[in-house]
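Enquirer: Have a look at the structure that comes next, please.
The values are calculated or read from the model by the stated rules, or taken from the named source; none is laboratory data. In this text the structure is predicted, and so the values were computed from the model without any measurement. Using ideal geometry, Cβ is built from the backbone for each residue, glycine included, and neighbour counts are taken over all protein chains shown. For the accessible areas, the whole protein counts, side chains as well, though only heavy atoms, and no ligand, DNA or RNA atoms are used. Shrake-Rupley method; radii C 1.70, N 1.55, O 1.52, S 1.80 Å.
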Amino acid sequence: MTPATRAGRRTAVTVLVGLLSFSLVAVPGAQAVPASPGAVAADSSDDAGAPGAAHGRSAEPIEATTETTGFSPAAPAAAGSPASPRAQDAPRDSAGPPDRPEHAGVPLEATSDVTGFGVVGVTWSSPVAHDALVVEVRTSDDTSAAPDDDGAWSAWERVDVEPSPRGDLDGTEPVVVGEVARVQARVSGPSAGAVRDLGLTVIDPGTSPADDDVPVPSEETSPSGRAVAAAPVPDRPTIASRAAWGADESIMTWTPRQGDVRGAAIHHTAGTNSYSESQVPGILRGIYSYHAQTRGWGDIGYNFLVDKFGRIWEGRAGGVDRQTVGAHARGYNSGSTGVSVLGNYETTTVSNAAVSAVVRLVAWKLALHGVAADDSISIAGTPLAAVFGHRDVGSTACPGRTLYDRLGEIRRRAAAAQEAAAELDVPDGSFVEHPRGTLALVEQGRKHKSRCDVAQHYGADCDGAVPVTRAQWRALEPGGRLHRTVRTTDGRLYRIVDGTKREAFDMESLQRVDKDTPVVTMSFSAVDGLPYGTPVVRPAVVVVNRDNGNRRLVVQGRKHGYLNNALYRRTPLGELDTERLDGRSVSLLPRVSRTTGVVARNNGREFLMTRQGLVRTDGTGQVLPSAGTQHWGKALMAEVPRFRGRPDVVVVRVRKQSQLYVVRDGELRPVSRARARQLNGGTKPPVHVILKVTKRQLPVGSPL
């Protein structure tokens, strides 16, 4: 491993510099919700809006794996070594806790292997005073790294102690270490030798095929409960449900309670900023398992979580549009909703996508409860901005310097979005016009600037766009320039032509018809109102009807009839590229005969589809009157393997049957193995396996 690579992996243990204060305590008058965890999950999300549902994959609950390792006194060499300069000498944020004390006595250490995208934390059972313990973590990419081999480990990094719901200091915040091989924790300080049940917990959040899916807009309805809106509310942003990130509701033991949301507390999480889109659900599962089980809180602390890619995720159970009490800022949970951005933003710059997601979320959430995003409020007697940082109410550097510096921007943009919602009411897919004449398509609170000629392909009258004020224009987030090729947020691909949307099988299909253009990403609602045109599908592929799951083999722009499971799964047809299209798109493809396994070319050559490929059998065209021979083009013939040449004797049998047949003059003629050898000149002929659906197309003649 190169030094650069090792340095990149060591960022996996960069941790939050502030102290996160969590609490489950609601203020007097908070409303309990007498609902079971299952009922809460049903209220809080609609499975149709979950990632995974859009691609035909279900987001099943994923059970995290947790292992805890005990601590023991450090080796003499380690005990005598000073803490890393960064852990000992780095200045703390003025809002955070004071500098750590010198190590007292012999440090305690624990080492554990890490599997999956790991989340770790240190816990103990006896509460201690603040700054009585110093907890540090380091990692190694070497599976055989010895605990005392400092050269195999990253530098020690300080981990902040995190209060329990009762306010006791009996554990640290969770740290997302990511994909490393081993983790080591070190505990020192005045109380290091006195705490009981000291343990290093390592959580493997597991993986799911649905982790790769992108969240799509949800069509949830507001559940019953205390949710008020004194003014028009901006469109609800896309919020991926708990089910979407694989939350195991069986470990959710906290009874949701309702408070009085008057503001939004902004946080960041401890750990790595180097995560991919598909690793985010695992990060959420790891934090959830640590909060709910290891710390015993019964659920994840944050109401919402936002990743650096701009996706919003449902956190705490109880209903995203209800006033659910979180566990994110002790003393302020009942009066605020907690929003945590995944990553450490004390030194790393927060992404614009994450900031925009927070803007969309707090604009909607606060308006839902009658709060203006740029208001001044009071919670627990503390004067605050409606959108405030965790450091404003706790001894912590959270949400990190770079995110905290943008809270003013978030307030302004969220307030502008709320103002625009009160004045601008145009459906997605509509065009608006800036006072200076610039056109833009509106979609999910975003604007996609457009030339007139592009807008006309979307069916727009350039002179009939809705005029908007400058404030309304500014309130719409930039969504990228409008193009005629659209990729929807749920993965569909369309080419917009003369007021219609032509769904494309893939980019290669567009390239074959010289339609390879820049792509704009938008929600489906932006093109929902456009009628469907003939889809763009390259030959030799399998199209799946998104509405009912039926498969069609597409040859030269035409669809064959329903392709059954046997032909798709037990022949080379299953190796063809397969994608989903809307049911309306599939219906516009011209139809030809159904796929049977009997193939004819325009040059008169005929073939049988076997499990291994195509076998040439000229003369098999005398199929039953009720069946039809399917005609394949060159592209499909090139994609399916075949036995070259025309064998003198073609011997077949049906899958899972022993009877042999010789194909002769359009019939299946039963033969014994000895007779087949005799007909083949005394040598054993190859036997080709066909499916029942293919056998039914050929009449069975008399034995040879």
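Enquirer: Taking the Cα-to-Cβ direction at R655 and at A155 and moving 7 Å from each Cα, how far apart do the two end points lie in nm?
Expert: 6.0
Enquirer: While we're on this one: Over what distance in Å are the Cα centres of the range 513-582 and the range 246-264 separated?
Expert: 41
Enquirer: So what is the accessible area of the range 316-397 per residue, in Å², with the probe set to 1.4 Å? The partial results should precede the final answer.
Expert: Values: 1900 Å² over 82 residues.
Solvent-accessible surface per residue comes out at 23 Å².
Enquirer: Moving on to the next point. Whole number in Å², please: accessible area per residue of the range 232-303, 1.4 Å probe, ligands, DNA and RNA not counted. Mind showing how you got there, number by number?
Expert: Details: 1680 Å² over 72 residues.
Normalised by residue count, the accessible surface of the range 232-303 is 23 Å².
Enquirer: Extent of the range 463-524 along each principal axis, from alpha carbon coordinates, in Å, largest to smallest?
Expert: 43, 25, 17
Enquirer: Now a separate question. Among the lysines, which have Cα under 20 Å from the Cα of K692 when same-chain residues fewer than 8 positions away are ignored?
Expert: K656
Enquirer: Can you give me the % of accessible surface on the range 253-292 that is carbon or sulfur? Probe 1.4 Å, all protein chains present, nothing else counted. Each step should come with its number before you reach the end.
Expert: On the way: 350 of 840 Å².
Summing carbon and sulfur atoms, their accessible area is 42 percent of the total for the range 253-292.
Enquirer: Within the range 518-672, what whole-number % of the accessible surface is contributed by carbon and sulfur, with the 1.4 Å probe and all protein chains included in the calculation? Before the final figure, lay out each step's value.
Expert: On the way: 2890 of 7120 Å².
C and S atoms contribute 41 percent here.
Enquirer: On a C-alpha basis, how far is the centre of the range 630-704 from the centre of the range 141-175 in Å? Whole number, if you could?
Expert: 67
Enquirer: Given charges of +1 on the Cβ of Lys and Arg and -1 on the Cβ of Asp and Glu, with all other atoms neutral, how large is the dipole of the range 143-217 about its Cα centre, in debye to the nearest 20?
Expert: Details: 5 positive and 15 negative charges, 71 e Å.
About 340 debye.
Enquirer: Something else about it: How much length is gained if the chain between N680 and R196 is pulled fully straight, taking 0.36 nm per residue apart and subtracting their Cα-Cα distance, in nm to one decimal? Mind showing how you got there, number by number?
Expert: Values: separation 484, 0.36 × 484 = 174.24 nm, distance 8.28 nm.
Stretched out fully, the N680 to R196 stretch lengthens by 166.0 nm.
Enquirer: Then there is this: Listed here are the pairs K308/K365; K501/K559; K308/K501; K449/K501; which of them are more than 22 Å apart at the Cα?
Expert: The pairs that break the limit, which is 22 Å between Cα atoms, are K308/K501.
Enquirer: Something else: Pull out the extension gain between S702 and K634, defined as 0.36 nm times the separation in residues minus the alpha carbon to alpha carbon distance; nm, one decimal. Kindly include the intermediate steps, with their values, before the conclusion.
Expert: Details: separation 68, 0.36 × 68 = 24.48 nm, distance 3.53 nm.
Result: 21.0 nm gained on full extension.
Enquirer: With a point put 7 Å past each Cα toward its Cβ, work out how far D405 is from D528 in nm, to one decimal.
Expert: Inter-label distance under the simple model: 4.0 nm.
Enquirer: Further question: Full-extension gain between T382 and D648, please, as 0.36 nm times their residue separation minus the C-alpha to C-alpha distance.
Expert: Details: separation 266, 0.36 × 266 = 95.76 nm, distance 9.25 nm.
Taking T382 through D648 to full extension adds about 86.5 nm, to one decimal.
Enquirer: Quick one: if you stick a label point 7 Å off each Cα along the C-beta vector at V519 and H130, how many nm between them?
Expert: 5.0
Enquirer: Can I ask one more? Does a label point 7 Å from the Cα of R673, set along Cα-to-beta-carbon, have any residues of the range 631-662 with amide nitrogen under 12 Å, and which are they?
Expert: So the set is 658-660.
Enquirer: Hey, another quick one. Can you work out the accessible area per residue across the range 480-571, with the rest of the protein chains kept in place, probe 1.4 Å, in square angstrom?
Expert: Using a 1.4 Å probe on heavy atoms only, each residue of the range 480-571 averages 41 Å².
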